[in-house]
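One structure is given below, encoded as structure tokens.
The values are calculated or read from the model by the stated rules, or taken from the named source; none is laboratory data. Values in this document were obtained by computation on a predicted structure and should not be read as measured data. Note that we place each Cβ from the backbone using ideal geometry, even for glycine, and neighbour counts take in every protein chain shown.
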Amino acid sequence: MSDHISGPRAIADPVTDITDVFAFPCPESPRHLVLIMNVFPYAGASAVFSDAVIYRLRVRSVSLAPNRRAFAVGADEFTFDCTFDVPVSPDGGGELVQQGRCKMPNGETVLFRVNDENGGDGEGLHVFAGQRSDPFFLDGPMAAQTLATRQLAFKQVGSDRLYGKNVLGIVLRIEWATLLKGGPMFAVVCETLTTGKRP
């Protein structure tokens, strides 16, 4: 799923705007599920996660329904809540550092530093959060022409209006047999919630 600047809230507060959600088996290990939530389209070099937002990833196991035309979603939900501190300068004037934490379904909290390639580890969970290249491809002029003419206007070679643009990404690598009931198929929903710190 990918969506950028999708409504009044996203326009007013882009740090809450979910641009992409990805869920896939870890290429290095089928025992792990990778979840990615990207936020903040067009994030500049100094962009940081908000300390007034909970970045929530919700997971449920799914199975094929008896008619095999739909999925039966399990009743048990597992949430991963990522929150962030206000960035600080550890040296009192140097580069700002932002700390984050991810609360796991079992209540354990994994601590990590934003943009630290090593991320943070807990039992069955590895977390990374930081700035990444926007993975979405958007040929804006051809999309606009398609909408205006109601005819597909895309060319064999497009022009990516998001090339060189960044997002803030949260990446979870979950050992699903340890942290989640059911499996190996899962449904994932991401959301951003304000924590009441804003006026």
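Does ASP134 satisfy the criteria of being modelled with pLDDT under 90 and in contact with a Phe, Trp or Tyr (Cβ under 9 Å, 6 or more places away or on another chain)? Judged against the criteria, ASP134 is a match.
Okay, residues lined up against (1) surrounded by 19 or more Cβ atoms within 10 Å (Cβ to Cβ); (2) without any contact (Cβ under 8 Å) to a residue 24 or more places away in the chain; (3) among the aromatic types (Phe, Trp, Tyr):
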{"position": "VAL127", "(1), (2), (3)": "yes, no, no"}
{"position": "GLY140", "(1), (2), (3)": "no, yes, no"}
{"position": "ALA144", "(1), (2), (3)": "no, yes, no"}
{"position": "SER159", "(1), (2), (3)": "no, yes, no"}
{"position": "LYS181", "(1), (2), (3)": "no, no, no"}
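Within the range 40-73, the set of residues being on the phi > 0 side of the Ramachandran plot and touching a Ser or Thr at 6+ places or on another chain (Cβ under 9 Å) comprises PHE40 only.
In the range 161-171, the qualifying residues are those that are part of a loop (DSSP other than H, G, I, E, B) and surrounded by 12 or more Cβ atoms within 10 Å (Cβ to Cβ), and the one that is modelled with the highest pLDDT is LYS165. Condition check: assigned to a helix (DSSP H, G or I) and over 24 Å from GLY44 (Cβ atoms). Does GLN151 satisfy that? No.
When GLU117, GLU95, GLU77 are checked against the criterion of being acidic (Asp, Glu) and closer than 21 Å to VAL53 by Cα, a single residue qualifies: GLU77. Where strands (runs of 3 or more DSSP E) fall wholly inside the range 20-112, the ranges with 2 or more residues that are surrounded by fewer than 16 Cβ atoms within 10 Å (Cβ to Cβ) and not charged (D, E, K, R) are 29-39, 53-64, 71-84.
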